[in-house]
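One structure below.
Read-outs throughout are calculated quantities, based only on the coordinates presented, and are distinct from any laboratory measurement. The structure displayed is predicted, hence computed values, not measured ones. Reconstructed Cβ throughout: ideal geometry from the backbone, glycine too, with neighbour counts over all protein chains shown.
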There are 2 protein chains.
Amino acid sequence: MSAIANLNIVPFVSVDHMMKLVLRIGVETFLTELAEVIEEDFRRWEVFDKTPRIASHSSDGVIELMPTSDGTLYGFKYVNGHPKNMRQGRQTVTAFGVLSDVGNGYPMLLSEMTILTALRTAATSAVAAKYLARPDARCMAVIGNGAQAEFQALAFKAICGITHLRLYDIDRSASDKCLRNLEGSGLAITLCHSSQEAVEGADIITTVTADKQCATILTDNMVGPGVHINAVGGDCPGKTELHRDILHRADIFVEYPPQTRIEGEIQQMAPDHPVTELWQVMTGTAKGRSDSRQITLFDSVGFAIEDFSALRYVRSKLAATGLFTELDLLADPDEPRDLYGMVLRSKASVG
Amino acid sequence: MSAIANLNIVPFVSVDHMMKLVLRIGVETFLTELAEVIEEDFRRWEVFDKTPRIASHSSDGVIELMPTSDGTLYGFKYVNGHPKNMRQGRQTVTAFGVLSDVGNGYPMLLSEMTILTALRTAATSAVAAKYLARPDARCMAVIGNGAQAEFQALAFKAICGITHLRLYDIDRSASDKCLRNLEGSGLAITLCHSSQEAVEGADIITTVTADKQCATILTDNMVGPGVHINAVGGDCPGKTELHRDILHRADIFVEYPPQTRIEGEIQQMAPDHPVTELWQVMTGTAKGRSDSRQITLFDSVGFAIEDFSALRYVRSKLAATGLFTELDLLADPDEPRDLYGMVLRSKASVG
């Protein structure tokens, strides 16, 4: 990666390069390795600079910046959320991110993060389930079969040993798409006609629907003892998926409480409703699953540190794969004080 | 710009393209037109979403995100400040920025902003001076002849009619560089041996030094009646250039008081020291210069709206100049829910 020694150059991972990177590494290996980096960063949670995301709201949606730093590297993600976009053939959520060197402030990586966010969300869910689901869990229900569903399925296969999937979506064509995309993955897949049917016999229930309003995808009677719930779709104020009664019966695990209390399923609960921070389970300072009949719930909303881990992982793959281009992003005059001279000299070189 | 209709593509203005754009338009025309856009945005100050910058501090420097929105467009700048960088041949400050569509959250422009920030800072200073300096001002002292000096000189020539420059820097080679770069600009230039000498006969005094500590570049006896002071270099906590006594004698004009009270010259003053917001002078709701003996001071720190204006201006030039490349930044599956399928299909197209 010697070309990166040019101070003006920032490596850029485009959407096309990200897709090639995922395929080159293999999606399950990518998810497994990414999960390891996420776990590594969760284990050193306390060194990170943690701020809530900086949101700019409008009537159509939200644009957010999610920065964090471990004191050596700085990362931020730009992400939008516009529910109406899908009707215009656009993604509801798109994202890109930057990783920088804290020592000199120079960006070291610019990357697409729409695909990468899907991967890190799934990897984080699977890491949480590794600590919270029953070790013998093999069957997962996935309710909501949109853009995130296959990533969740493959992460749970690779990281938690899930072998059976039970899919349900209010739109059958979404489940069909999911089935088609997972052909040849080795997962045994059952298409279901209701949420109720999907959760039958499931050890893990993943809810990942896209409704913006407070929805009740899961009601209390649908959740049996010993189940782990991976609640991914409730991720902003006014957007939830689970009935309150489930939250009362479950032990709840979260990423960053100040953010989850605003955005997660627990926005339905009292502001002091007890929750456990996932990083504490990983470091052994808090308990994860304590018995086989306990109901555990990972109330996932997505936190800046996961994006940081994802950027860090992608950057570690650049040298070996060459899957990036070089972006002339930083002005680099020979004499730092001579910025205007650099502009003038570029005239000479233009001729 | 029909190619931009591809939903995955974001126009990117590299450093090289920015230099070409400045030269194609002409630096003085660029500064003049940019100043008009800045003034336009200052005049509608109240519609903007204004937040203080989000800073991540370390022992070596700071990385900041500066977002703002007018409800239709959203912009943010990434900017670092690392004083030690110059010793390693790096820029103290580098920057890039993004302009997005609030309606769908999609980025519309990614641009280098190291050069662009220098231009917008100079254009803002000159716009302020247009309202605050004496109309007959023709001679400007520039104390501190680093990366920002030429941009200030040319903006004040183009926008305020400055014809004479008096340059001083503690490092004579910086003044020499400045003189060399401004040859042929039409400005009459005098190199001076002290700040005291530089301000003799100057109608406008621009201070734009790079010291991080509280410095006193200007003392009270150096500032005569009728002068306009354009204080650019004091722009973070602990970094000031003017003696307090000057601040007591001058009428002080600022961009965004909550930020300037932390970062500007007025960090030396009581938190309720009276200041006037520049946008109010432009809209006529506050007074600018009221007589020819008044001392006016623009305490410039740089605000997100100026970057927003700069990105808006650059974007307006893309179609006519073609000076951008297309960045494959946004994942754009044919079916928005089929993100994983897009990754799979890219395998097929790889073969």
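Things worth noting here:
- Between identical copies, the spacing of B:E40 label points, each set 7 Å from Cα toward the C-beta atom, reads 4.8 nm from nearest to farthest.
- With contacts taken as Cα pairs under 8 Å at a separation of at least 6 residues, segment B:229-274 carries a relative contact order of 44 percent.
- Once Rg and the Kirkwood radius are both taken over the C-alpha atoms of segment B:111-196, their ratio Rg/Rh works out to 0.96.
- Pairwise label distance in nanometres, A:S290 with B:T72, each label 7 Å out on the Cα-Cβ vector: 5.9 nm
- Here the relative contact order of segment B:226-351, from alpha carbon pairs under 8 Å that lie six or more residues apart, stands at 30 percent.
- Using the Cβ-Cβ distance between A:S173 and B:N221 with R0 set to 60 Å, the FRET efficiency from 1/(1 + (r/R0)^6) comes to roughly 0.15.
- Karplus-derived 3J(HN,Hα), 6.51/-1.76/1.60, for each residue of segment A:46-53, Hz, glycine and proline x: 5, 7, 7, 6, 10, 10, x, 5
- A:R244 paired with B:V47, simple spin-label distance in nm, labels 7 Å along Cα-to-beta-carbon: 4.2 nm
- Antiparallel %, DSSP beta bridges [both residues in the protein assembly as shown], to 5: 50 percent
- Histogrammed with a bin width of 20 Å, the alpha carbon distances of chain B distribute as 30, 56, 13, 2 percent, first bin at zero.
- What separates the Cα centres of segment B:136-151 and segment A:91-149 is a distance of 50 Å.
- Loop sites in segment B:108-215: GluC sites (Glu not before Pro), DSSP, at most 16 other Cβ within 10 Å: B:E183, B:E200
- The DSSP beta bridges internal to segment B:134-302 are antiparallel in roughly 5% of cases.
- P(r) tail for segment A:134-302: Cα pairs beyond 22 Å make up 39% of the total.
- Taking the Kirkwood radius as Rh and the Cα radius of gyration as Rg, the protein assembly as shown has a ratio of Rg/Rh equal to 1.03.
- Note: segment A:60-186, Cα convex hull, 138 Å³ per residue.
- Entries of B:K20/B:K157; B:K84/B:K239; A:K317/B:K77 with Cα pairs more than 23 Å apart: A:K317/B:K77
- A helix-only calculation puts the protein assembly as shown at -10500 deg cm²/dmol for mean residue ellipticity at 222 nm, using -39500 (n - 2.57) for each DSSP H run of at least four residues, averaged over all residues.
- Inter-copy label distances for B:A270: 4.7 nm (label point placed 7 Å from Cα along Cα→Cβ; shortest first).
- B:S316 versus A:D251: modelled label distance in nm, points set 7 Å from Cα along the beta carbon direction: 6.1 nm
- Chain B - percent relative contact order, Cα under 8 Å, separation 6 or more: 21 percent
- DSSP-defined antiparallel bridges as percent of all bridges, chain A, nearest 5: 50 percent
- Cα-based Rg of segment B:229-351 normalised by 2.2 N^0.38 Å, two decimals: 1.75
- Average silhouette area of segment A:90-151, convex hull of alpha-carbon atoms, in square nanometres: 6.4 nm²
- Inter-copy label distances at B:R345 (7 Å, Cα→Cβ; nm, one decimal): 4.7
- Bridgeable aspartates and glutamates around B:K347 (alpha carbons under 14 Å apart, same-chain partners fewer than 8 residues away excluded): A:D16.
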